[in-house]
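Here the structure is laid out as structure tokens; the discussion comes afterwards.
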Amino acid sequence: MSPFLILLVGLVVVLGLIIGLRVNAFLALISAALVVSLLAPGPMALKVERVAAAFGGTAASIGIVIALAAVIGAAMMRSGAADRIANGFLSALGERRASAAMAGSGFTLSIPVFFDTAFYLLVPLARSLARTTGRNYLRYLVAIAAGAAITHTLVPPTPGPLFMANRFGVDLDVMILTGLAVGVPSAAVGLLFATWLDRRMPIPLRPYEGDDVLDASPDDDRLPGMALSLAPIVLPIMLITVNSVVKVLAQQAIPDAPLRDPALTEAILAAAANGLAIAQMYQWTNLLGNPNFALLLSAALAVWTYQRQQRPSAEHLGKVIESALMSGGVIILITAAGGAFGAMLRAAELGTAIEALFGDVSAAGLGLLVLAFGIASLLKFAQGSSTSAMIITAGMLGAMLDPTALPFHPVYLAMAIGSGSLVGSWMNDSGFWIFAKMGVLTEVETLKSWTPLLVILGTTSFLMTCLLALLLPLA
């Protein structure tokens, strides 16, 4: 069966079940993943097994982080840490600038940290701000997503931009500076969209699934200090950032180092055994900077702050953590099912089919940027993963082009691909479900907020890329 027909079947199944029949998102996504897997190439005996494997792979990458983030969020809300930070934002910036602070925080945190981790850490602040002001919840939520999503696809050391920099021979400093130059105005446009959307489609603050009431609000005289309040956010960011920097330095110190994990990690560990100092340092930073471990330390700190400030009984503390884990478990199930659905669309060989549509690339100038943007957008819509869309498109174009023969710096080709990898996010994208479930939005609300946001971010960043390619072709 044609990969594009399989994509159409998968789209009809998941949208029909969730929107048409109101089936639970987890059941709908797993059902769609099974249908797509049965239609995709491969041994019949393994078609169900690979769905379970893809589900487990996604859960392995995000399960612990989501569970710990749920505990961190619950503890910060109940200890008053989120309120202290929210009050600090409002005092320093005023309510009108609070959403800009949220976007700026997401923009900054998502450079060293994956989008999902940055989003998890900032959602409690958005909820606390909305509870304090009594409005603008969707504006804060979309502002965080706008800032975090744009740097995730344009600025190293996240895997997609890092791969493209290596594939096209772009120096990391050029990639980072250009990504920031493209990303800042794109995030600003995303912030404007957040403000407009909040007026057009106001969404109330809702309790998480498994909770009966909204987040508690402690008395002002029992709020922790600002440093202690920020610590559960700052600690994992610092640990993960240091690890990212050390990893890049170790990669640069190893001749012909692989571009991607797990081969890259193996090369660094081998260099550490041979006495390379930066590689030996990486062994420790990779332990402390692993998101699972870093968020475990953060969760312990957040729970300790809650105990210190509010003095809950052991029974009450246990119920708070259990409730947080129950809500986190629902998010893990749905996000992992979305990952499995996207993986089965990849197993249907959509990437190969899309590559075959274009054949040899002979376009030049801005037409090449348009082509790169279009291919990445199509791959994003078809497979759900921005990172996969970037890697496949960069590999495809890199094999057909000589980056040194382009009429502009190859960094702009990377920017066009990164911009395209934002466009086309729907229910096969795990980011869609992270935004929906952590923000407590319905699927339809997410399609009306998250999906157009990424179209706006991707289109704006692409237009900025074209403008810079015309004005500063040598970057």
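The values are calculated or read from the model by the stated rules, or taken from the named source; none is laboratory data. Here the structure is a predicted model, which is why all the values come from computation and not from measurement. Positions of Cβ are backbone-derived with ideal geometry, glycine not excepted, and every protein chain shown enters the neighbour counts. To get the accessible areas, we keep the full protein, side chains included, count just its heavy atoms, and leave off ligands, DNA and RNA. Shrake-Rupley method; radii C 1.70, N 1.55, O 1.52, S 1.80 Å.
Scattering from the stretch 254-411 was approximated by placing one identical point on each alpha carbon and applying the Debye formula without solvent; log10 I(q)/I(0) at 0.10, 0.16, 0.18, 0.21 1/Å stands at -0.69, -1.06, -1.11, -1.21. Solvent-accessible area of the stretch 34-82 (1.4 angstrom probe, protein heavy atoms only): carbon and sulfur portion equals 78 percent.
Shown in residue order for the stretch 12-21 are the 3J(HN,Hα) couplings computed by the Karplus curve 6.51 cos²θ - 1.76 cosθ + 1.60 at θ = phi - 60°: 5, 5, 6, 6, x, 6, 6, 8, x, 9 Hz (x for Gly and Pro).
Accessible surface computed residue by residue for the chain, with neighbouring protein chains in place and a 1.4 Å probe, gives 40 Å² per residue. Carbon-plus-sulfur accessible fraction, the stretch 234-287 (probe radius 1.4 Å, protein heavy atoms only): 66%. Using a probe of 1.4 Å on the protein chains alone, the accessible area found for VAL330 is around 40 Å². What lysines sit close enough to LYS437 to cross-link, taking a C-alpha to C-alpha distance under 22 Å and skipping anything fewer than 8 places away on the same chain? Partners found: LYS319, LYS380, LYS448. Please give the Cα centre distance for the stretch 1-57 versus the stretch 132-209, rounded to the nearest Å. Centre-to-centre distance over Cα atoms comes out at 29 Å. Overall, the stretch 314-447 carries a charge dipole of about 100 debye about its Cα centre when +1 sits on the Cβ of Lys and Arg and -1 on the Cβ of Asp and Glu, all other atoms neutral. As a length-normalised measure over Cα pairs under 8 Å and 6 or more apart, the relative contact order of the chain settles at 24 percent.
Based solely on its DSSP helices, what 222 nm [θ] is calculated for the chain when runs of n ≥ 4 H residues each add -39,500 (n - 2.57) and the sum is averaged over all residues, nearest 500 deg cm²/dmol? Helices in the chain give a 222 nm mean residue ellipticity of -25500 deg cm²/dmol. What is the Cα centroid distance between the stretch 67-81 and the stretch 408-445, reported in whole angstrom? With the stretch 67-81 and the stretch 408-445 each reduced to a Cα centre, they are spaced 26 Å.
For the stretch 8-97, the convex hull drawn through the C-alpha positions has a volume of 169 cubic angstrom per residue. Compactness of the chain, taken as the C-alpha radius of gyration over 2.2 N^0.38 Å, stands at 0.97.
Residue ranking by accessible heavy-atom surface, 1.4 Å probe, largest first, among THR335, THR451 comes out as THR451, THR335.
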